[in-house]
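Throughout, read-outs are computed from the coordinates displayed, never taken from laboratory work. Treat the numbers as computed from the prediction; the structure is a model and nothing was measured. Every residue, glycine among them, receives a Cβ derived from its backbone with ideal geometry; neighbour counts consider all protein chains shown.
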Amino acid sequence: MATQIFVNLPVKELSRSVDFFTRLGYTFNPQFTDEKATCMIISDTIYVMLLTEAFFQSFTKKEILDAHKAVECSIAISADSKDAVNKMVAKAEAAGATIPNPASDYGFMYQHSFEDLDGHHWEFVWMDPNGPPSDKS
């Protein structure tokens, strides 16, 4: 059985976040969507729960960080090609994301990132299936 992952993110305005991620091509599971939360589908086993800050706060006694000022994690998602990485970041920027850094090309790995409307850091990465070049001579 495949393991599923559910990333939970606090958002200021749920409808605004849904609109943003819809523009990136993501869909949402209506069974797990209401006025407090939605389940964004990344793949058959990966989901992002977008939760209003008040609802998110009900799961923890810790302070919710302002992701525009601090970072707790970086969400990295694989892509099929360098072009796919660039297209996703371009869609995100067109939908209102900020681009904190230029793309990085390591030959065998290519990555580019954006910060969503709530400041959460997303990276899209392509990796050569053959891996990094070998140092063996």
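Does the stretch 65-137 classify as rounded, prolate or oblate by the C-alpha gyration tensor (a ≥ b ≥ c root eigenvalues; a/c under 1.5 gives rounded; else a/b over b/c gives prolate, otherwise oblate)?
prolate
When the Kirkwood radius is taken over all Cα pairs of the stretch 1-64, what Stokes-Einstein diffusion coefficient follows at 37 °C and 0.692 mPa s, in µm²/s?
270
Can you tell me the order of 2-12, 64-74 when each peptide is scored by its average per-residue count of other Cβ atoms within 10 angstrom, highest first?
In descending order of packing, they fall as 2-12, 64-74.
Would you mind checking the pairs Lys36/Lys87; Lys36/Lys61; Lys12/Lys61; Lys12/Lys36; Lys36/Lys69; Lys12/Lys69 and listing those with alpha carbons more than 22 angstrom apart?
From Lys36/Lys87; Lys36/Lys61; Lys12/Lys61; Lys12/Lys36; Lys36/Lys69; Lys12/Lys69, over 22 Å: Lys36/Lys87; Lys36/Lys69.
Only bridges with both residues in the stretch 65-137 count here: give the DSSP antiparallel percent, nearest 5.
The answer is about 65 percent antiparallel.
Taking the structure as given and computing Cα extents along the principal axes in Å, which label from (i) 57, 37, 30; (ii) 49, 39, 27; (iii) 36, 26, 25 fits?
Read-out from the structure maps to (i).
For the chain, what does -39500 (n - 2.57) per DSSP helix run (n ≥ 4), summed and divided by total residues, give at 222 nm, in deg cm²/dmol to the nearest 500?
For the chain, the value works out to -6000 deg cm²/dmol.
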